[in-house]
Amino acid sequence: MSDAPALVVENLSLAIGPAGLVDGVGFQVAPGEVMAIVGESGCGKSVTAQAIMRLLPDAIRQTGGRILLGGRDISAIPERAMRAVRGQLMSMIFQEPQAALDPLTTVGSQIAEALRQPLGRVRGEVLRMLRDVGISDPERRIDQHPFELSGGMCQRIMIASALISRPAVLIADEPTTALDVTIQAQILDLLRRLAIERQTAVVLITHDMGVVADIADRVAVMYAGRIAEAGPTAEIFAAPRHPYTALLLASIPRLSDVPKSKLAVIEGRVPSPSEYGPGCRFASRCPRADARCAAETPPLRPLGDGRLTACFHAEAMA
Amino acid sequence: MIRHLAGRLGQALVASFGVLTIVFFVMRLSGDPTLLLVPEGATAEQIAALRHALGFDRPLFVQYLSYLADLARLDLGESLVQRSGVAGIVAERIPYTVELAAGALVVALGIGIPAGVAMAVWRGGMVERLLAGFVLTGQSLPTFWSGILLILLFGVHLRWLPTSGADGLSSLVMPAIALGALTMSTFARMTRIAVLDELSRDYVSAARARGLSLGAAVARHVLRNAAIPVVTIAALEVGNLLAGAVIVETVFAWPGIGQLAIQSIAARDFLIVQTVVLFVSVVYIGMNLLADIAYAVIDPRIRLDR
Ligand SMILES: Nc1ncnc2c1ncn2[C@@H]1O[C@H](COP(=O)(O)OP(=O)(O)O)[C@@H](O)[C@H]1O
Ligand SMILES: [Mg+2]
């Protein structure tokens, strides 16, 4: 992974009205690498993905930061130029695969849209892509509508449409959350294999530490619009250095768990953007919080092992 | 799909039979037309003789059964006033009403649907506010009032268009606008809601993430999805158009079936009124069946669900 990064997000900040949603988020992803963004619902993962695609809802503004795609800053290029980026250099898949496909259009035509050609002209290429994402009987499936396919198959269709023009970056926003556990594992395997084969940089958004463990090379843990801790997955799982990461890890169900034993749950709730104050945003729920945590924002700082942590108590956790 | 259509057809037949029955009895509540037909100064015996000849001395229910029997033989009867076949009299007027309704539908669809799409796509801006004002105007002016305003402005004041009658395309313009205005507003509002609803769906974000412009996503995906609720309204609106035609034809002296119906009610020419009502129900049923077929054409989930 010594390649130049395919995607660099620097200091991204987003706001809705006066309230900041995302505050100085940054990370990078190399070709062929899967980087997970993990955090509880509402912490700003989806808006971060939309900001990278430049598809933010009208109400949300980018207030700072840069997005470099293959070294080029795309955060201020005109919408016309951005259309040449979307689907070609950078693609996205969604949480509800069936909702992400137009119910009235055949899946083949929707995949062909990414090639900017009518299906008739690129049928062979689409069929090859369908085979590549593991759709059996592609000759029949290509002319079917989303309602004739299962959720897992629809997600494979979405992956096909996202990767057919060989983009450098794929953003996957909770791609398996709506699927059954067995299908979930198949889709994650598929993403992993395609990322390596095609050298695609994958940003995988999830709220599930189990998914991170399955697929991610590196992980960024988000809390309330900020990155709490980031680094190689193995390192972070072995020794979390942020109390929030530690609690998230303790909440993963394990096979060795006694059935019906209580999972560790994090007390309290995530503050909403209008409640963000000074200091560490996790302080109100943190077992280690002290006066300094409530007053001062802990900076995201390197700990020397390739990891970044935003906690005053990181050393004490070693 | 075929079974569904057959079911709908059955329902529609029952409904129009009901309407026909109501019209038959309501028309007769106000008395029979004998007095309007006899010459002035006729004796009571002459009146009774005519009443007997026309069959109005029979009990109402017997008259009703005899009407149904004629109808079953596709015999629509004779006009009491004009002394000629009802079928011919009504058929002569139908093309005018069809022309008027078609003109109104062109106004309603041609302006209403693009206006609705524009209001949804450019929501929250100047475009939406301007169009919303326009739509509200079309919706709040009563048909007879907007008809009279149009005549005063374009017919009397500017002298651009003829004030009444059916003589070529120029005479159709004002009646079509007066009749189509309300339907145009309905289409604009419904289209706006349907398009807004579709725009918020994930498949629109997904299409844009694939590199489609918002306009291309609307053209390729949103319009077809939004068409489904709009088609439902369109079928219902044709009924409203025919009802509105009664007023517009009277205001503009347009010789269609609406005008004929008003004249015939005044003359108690029962069979003509009943035949006009029958025609309107048949058109209404036809439109609803057409809508059902349109759903199947638009939506594969209906088409393939046998
Ligand atoms: N379209 C929107 N309009 C207003 N607020 C939004 C919108 N989308 C997201 N938000 C707000 O932004 C914050 C982050 O949301 P999101 O990125 O969806 O969280 P996550 O994906 O991590 O669950 C939430 O507080 C949410 O309420
Ligand atoms: Mg989300």
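The values are calculated or read from the model by the stated rules, or taken from the named source; none is laboratory data. In this text, all values refer to a predicted model and were calculated from it rather than measured experimentally. Ideal geometry is used to build each Cβ from the backbone, glycine not excepted, and the neighbour counts take in all protein chains shown. Accessible surface areas use protein heavy atoms only, side chains included; no ligands, DNA or RNA. Shrake-Rupley method; radii C 1.70, N 1.55, O 1.52, S 1.80 Å.
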ask   = Got at least one residue in segment A:24-45 being in a helix (DSSP H, G or I), within 16 Å of ligand 1 (Cβ to nearest atom), under 27 Å from A:Asp208 (Cβ atoms) and open to solvent by less than 50 Å² (accessible area, probe 1.4 Å)?
value = yes
Next on the checklist: Yes or no: segment B:265-272 includes at least one residue that is at pLDDT 90 or above, within 19 Å of the chain's Cα centre (by Cα) and either within 14 Å of chain A (Cβ to nearest Cβ) or surrounded by 16 or more Cβ atoms within 10 Å (Cβ to Cβ) (or both).
Outcome noted: yes
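Quick grid of which residues meet (1) within 16 Å of ligand 1 (Cβ to nearest atom); (2) closer than 14 Å to A:Val133 by Cα; (3) modelled with pLDDT of 95 or more; (4) within 14 Å of chain B (Cβ to nearest Cβ):
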| position | (1), (2), (3), (4) |
| --- | --- |
| A:Glu174 | yes, no, yes, yes |
| A:Leu179 | no, no, no, no |
| A:Leu188 | no, yes, yes, no |
| A:Leu191 | no, yes, yes, no |
| A:Ile196 | no, yes, yes, no |
| A:Val203 | yes, no, yes, yes |
| A:Thr206 | yes, no, yes, no |
| A:Gly210 | no, no, no, no |
| A:Ala220 | yes, no, yes, no |
Within segment A:79-93, the residues that are open to solvent by 20 Å² or more (accessible area, probe 1.4 Å) and either among the hydroxyl-bearing types (Ser, Thr, Tyr) or part of a loop (DSSP other than H, G, I, E, B) (or both) are A:Gln88, A:Leu89
Flagged in segment A:45-59 as more than 10 Å from chain B (Cβ to nearest Cβ), under 18 Å from A:Pro175 (Cβ atoms) and not β-branched (Val, Ile, Thr), in numbering order, are A:Lys45, A:Ser46
Requiring at least 3 residues that are open to solvent by less than 60 Å² (accessible area, probe 1.4 Å), the helices (runs of 4 or more DSSP H) wholly within segment A:100-201 are A:107-113, A:119-132, A:151-163, A:181-198
So, first residue assigned to a helix (DSSP H, G or I) in segment B:37-51, second residue modelled with pLDDT of 85 or more, Cβ within less than 7 Å, six or more apart or across chains; the pairs are B:Leu37/B:Leu50; B:Arg51/B:Asp57
Among the residues of segment A:104-129, the number that are farther than 27 Å from A:Ile74 by Cα and within 7 Å of chain B (Cβ to nearest Cβ) is 2
A careful count of residues in segment B:32-64 that are small (Gly, Ala, Ser) and surrounded by 11 or more Cβ atoms within 10 Å (Cβ to Cβ) gives 4
Taking segment B:120-138 and keeping only residues that are more than 15 Å from B:Thr191 (Cα to Cα) and under 21 Å from the mean Cα position of the chain (by Cα), one is left with B:Thr137, B:Gly138
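With away from chain B (no Cβ under 14 Å) and closer than 27 Å to B:Ala294 by Cβ as the only criterion, which of A:Ile135, A:Ile142 stands out? Before you say what the answer is, go through the steps one by one.
Numbers: A:Ile135 fails: closer than 27 Å to B:Ala294 by Cβ.
None of the others qualify; the one that does is A:Ile142.
Being within 14 Å of chain B (Cβ to nearest Cβ) and within 16 Å of ligand 1 (Cβ to nearest atom) is the requirement here; does A:Ser91 meet it? Walk me through how you get there before you give the answer.
Values: within 14 Å of chain B (Cβ to nearest Cβ): yes; within 16 Å of ligand 1 (Cβ to nearest atom): no.
When the stated conditions are applied, A:Ser91 does not pass them.
Return the residues of segment B:1-12 that are surrounded by 13 or more Cβ atoms within 10 Å (Cβ to Cβ) and either polar (S, T, N, Q) or out of contact with any Leu (no Cβ under 9 Å at 6 or more places or on another chain) (or both); say none if nothing qualifies. So that I can check it myself, show each step before the final result.
First, the residues of segment B:1-12 that are surrounded by 13 or more Cβ atoms within 10 Å (Cβ to Cβ): B:1, B:4-5, B:8-9, B:12.
Correct list: B:Met1, B:His4.
Yes or no, residue by residue, for (1) without any contact (Cβ under 8 Å) to a residue 12 or more places away in the chain; (2) open to solvent by less than 10 Å² (accessible area, probe 1.4 Å); (3) assigned to a helix (DSSP H, G or I); (4) more than 15 Å from ligand 2 (Cβ to nearest atom):
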site: A:Val203; (1), (2), (3), (4): no, yes, no, no
site: A:Val211; (1), (2), (3), (4): no, yes, yes, no
site: A:Asp214; (1), (2), (3), (4): no, no, yes, yes
site: A:Val219; (1), (2), (3), (4): no, yes, no, yes
site: A:Met222; (1), (2), (3), (4): no, yes, no, no
site: A:Glu229; (1), (2), (3), (4): no, yes, no, yes
site: A:Ile236; (1), (2), (3), (4): no, yes, yes, yes
site: A:Pro240; (1), (2), (3), (4): no, no, no, yes
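Please work out which residue is nearest to the chain's Cα centre (by Cα), limiting yourself to segment B:212-224 and to residues that are open to solvent by less than 20 Å² (accessible area, probe 1.4 Å) and within 29 Å of B:Gly103 (Cβ to Cβ).
B:Val222
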